[in-house]
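All remarks here apply to the structure that follows.
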Amino acid sequence: MDWILEPWPWYVAGPLITLTMALLLFLGKNFGMSSNLRTLCTMCGAGSTCDFFCFDWRLQKWNLLIMVGAVLGGFIAFNFLSVNQVPQLNDEVITQLHSLGFDSAGKTYVPTELFGDGAFSSVKTIAILIIGGFLVGFGARYAGGCTSGHAISGLSNLQLPSLIAVVGFFVGGLIMVHLLFPLIF
């Protein structure tokens, strides 16, 4: 059981990702999670209000299966394959996070101040989650795909727009963590 509880080394995970992407390329399919939102909206009838949602969603059933598998896999991993999964953080990082009001830093996997039950009692946290969710959704649509779609599928297809998008994702993440995060908290 230890082999499944530990992170897999690059020489196992990398070839598995490569094999998966080669298979998808051979089948003429592109991987990405944000495209599932479009498919779900189309399934719910959004095609009657917007041309963007007018497509045959049945051709994307395979990608919906990947989304369901990711959700189920995450649930199983968290509830049945986790043993106190707390990431090891540098002491300086923990001190900085404590100064920003994240007292759970170094004690929990994710900050309970943002992801715990108490997060929904704060108007500020709810606003951050709603605005952040909107920006992520808008950014994924504006960039023509999400991080996983561009970084895994687009780069494996040697697409220049995906390289530009991935660089933008990293630059945006750095700006968020180093400039905006201290202003928000």
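The values are calculated or read from the model by the stated rules, or taken from the named source; none is laboratory data. This is a predicted model, so every value here is computed, not measured. With ideal geometry, Cβ positions are generated from the backbone for all residues, glycine too; neighbour counts draw on all protein chains shown. Accessible surface areas use protein heavy atoms only, side chains included; no ligands, DNA or RNA. Shrake-Rupley method; radii C 1.70, N 1.55, O 1.52, S 1.80 Å.
Within the stretch 1-16, how many residues turn out to be open to solvent by 70 Å² or more (accessible area, probe 1.4 Å), part of a helix (DSSP H, G or I) and at pLDDT below 85?
Of the residues in that region, 2 qualify.
In the set LEU37, LEU59, LEU19, which member is at pLDDT 90 or above and open to solvent by 70 Å² or more (accessible area, probe 1.4 Å)?
Values: LEU37 fails: at pLDDT 90 or above; LEU59 fails: at pLDDT 90 or above.
Of LEU37, LEU59, LEU19, the one residue that is at pLDDT 90 or above and open to solvent by 70 Å² or more (accessible area, probe 1.4 Å) is LEU19.
Name the residues in the stretch 77-92 that are open to solvent by 60 Å² or more (accessible area, probe 1.4 Å) and modelled with pLDDT under 90, would you?
Our first condition is that a residue be open to solvent by 60 Å² or more (accessible area, probe 1.4 Å); within the stretch 77-92, this holds for 78-80, 83-85, 88-92.
PHE78, ASN79, PHE80, VAL83, ASN84, GLN85, GLN88, LEU89, listed by residue number.
Would you mind telling me which numbered condition in (1) of a type outside the set (A, V, I, L, M, F, W, C); (2) open to solvent by 70 Å² or more (accessible area, probe 1.4 Å); (3) within 25 Å of SER35 (Cα to Cα); (4) touching a residue at least 12 places away in the same chain (Cβ under 8 Å) TYR109 fails?
Result: TYR109 fails condition (3) only.
Only one of LEU180, LEU158 is closer than 26 Å to LEU89 by Cα, surrounded by fewer than 15 Cβ atoms within 10 Å (Cβ to Cβ) and free of Cβ contacts under 8 Å to residues at least 12 places away in the same chain. Can you tell me which? Lay out the reasoning, then the answer.
On the way: LEU158 fails: closer than 26 Å to LEU89 by Cα.
Every option except LEU180 fails the conditions.
Considering the stretch 126-155 alone, what residues qualify as being part of a helix (DSSP H, G or I), touching a Gly at 6+ places or on another chain (Cβ under 9 Å) and either loosely packed, with under 13 Cβ neighbours inside 10 Å or of a type in the set (A, V, I, L, M) (or both)?
ALA140, ILE152
Would you confirm whether or not the stretch 65-76 contains a residue that is open to solvent by less than 70 Å² (accessible area, probe 1.4 Å), in contact (Cβ under 8 Å) with a residue 24 or more places away in the chain and within 22 Å of TYR142 (Cα to Cα)?
Checked the stretch 65-76: at least one residue is open to solvent by less than 70 Å² (accessible area, probe 1.4 Å), in contact (Cβ under 8 Å) with a residue 24 or more places away in the chain and within 22 Å of TYR142 (Cα to Cα).
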